[in-house]
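Notes follow the structure.
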Amino acid sequence: MAKKENRIKTELEVQQPPRKSGGFQKFFIWILIPVMFVVAVLLVVATLMNTNVFDLGKKAVSSLPFVESEAQQAKDAVVIDDSKVVSLQAEIQEKEAEIAQLQKKLDDTTTEKEKLLTEQEKLLFEIEKLNREQDDVKRDFNDILSTFDKMSPKAAAPVLIKMSDAQALRILSSLKPDKLAAILEKMEPQDAAKYTELMAKQ
């Protein structure tokens, strides 16, 4: 029976190889835990001695040559802020110059618009004046035309001959055909031919 038990033990040993501890486990057990214990003890001792470990750490870090101190960082921040302020002031001046240019253009445009409106008002006044004058001329011409219409052909013919060709032609063109024929009959043949030819060219 003892042989049987020995054989079972040897089989179990063969089947289950002994577990080796890994490198991480060794590091954790032999280095990390002792270091953490030492740090904890040092913090307790520093607290009992009224020493601020964090201030000491900051001083130690600032004394390193490759780490900038807070004063140097503050100076760098001020320099950066100053350069930003200068660039922003330059940008503000550019924007103010643009605003001034746009304001000048706006003022010029407003002045030009006012001039054009004044000129438009003058032109409208002139048009209205010309329309009134034209109405007066039409009224006067209609009065003259009605006068010639009332005149006898014998009296109207010599008056038309004494007038300028343009005025006589205008009056003759506006008369009724019966009245026109009667006036042309009372004119000399060469005058009647002249006015007939002028009316035909119109």
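The numbers here are math on the coordinates, done by the rules we state, and not lab data. These figures come from a predicted structure and were not determined experimentally. Because the Cβ atoms are built from the backbone with ideal geometry, glycine has one as well, and the counts that use them run over all protein chains shown.
The label point for Lys176 and the one for Leu56, both projected 7 Å from the Cα toward the Cβ, are 13.6 nm apart.
The Rg/Rh ratio of region 83-130, with both radii computed over alpha carbons and Rh defined as the Kirkwood radius, is 1.51.
For q values of 0.12, 0.20, 0.21 Å⁻¹, compute log₁₀ I(q)/I(0) with the Debye formula on a Cα-only model of region 95-202, without solvent. Here log10 of I(q) over I(0) equals -0.58, -0.99, -1.05.
Stretching Thr196 away from Leu48 to a fully extended chain increases their span by 39.4 nm, per 0.36 nm per residue minus the current alpha-carbon distance. Volume per residue for region 151-202 equals 69 cubic angstrom (convex hull of Cα atoms).
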